[in-house]
Amino acid sequence: MPAFAGMTTMSKIIGWDLGGANIKSACVNRGRAVSVTQTPCPAMQDARKFDEAFGRALAGLPGPGDLHAVTMTGELSDVFPDRQE
């Protein structure tokens, strides 16, 4: 069964690209893009900057999503010691 089973075009979906230089997000509501953002995230210099940048990116979204899709770049594998961190 697909991961999107049961989701309809009435669902709000937020897509994330978490990177070592930028955090990008896109919000689709009822099948229409309503928000696209890019937030600077200099995590390569200081891992704490990731949390700060993610907070700013999250605050810029038009409310919570019904579904979040996330991808993370390999750059961040050099910043954090393991997946859980």
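Observations, loosely collected:
- Model label sites at Thr71 and Val34, defined 7 Å from Cα along the beta-carbon direction, differ in position by 2.4 nm.
- The range 8-85 - accessible surface per residue (Å², probe 1.4 Å): 65 Å²
- Site pair Leu58 and Ser11 shows an inter-label distance of 2.1 nm when each label is modelled 7 Å from Cα along Cα→Cβ.
- Given their separation in residues at 0.36 nm each and the Cα-Cα distance between them, Asp51 and Gln84 gain 10.5 nm when the chain is fully extended.
The values are calculated or read from the model by the stated rules, or taken from the named source; none is laboratory data. The structure presented is a predicted model; accordingly, all values stated were derived computationally and were not measured. No Cβ is skipped: glycine too gets one built from the backbone with ideal geometry, and neighbour counts run over all protein chains shown. What goes into the accessible areas is simple: the full protein's heavy atoms, side chains included, and nothing from ligands, DNA or RNA. Shrake-Rupley method; radii C 1.70, N 1.55, O 1.52, S 1.80 Å.
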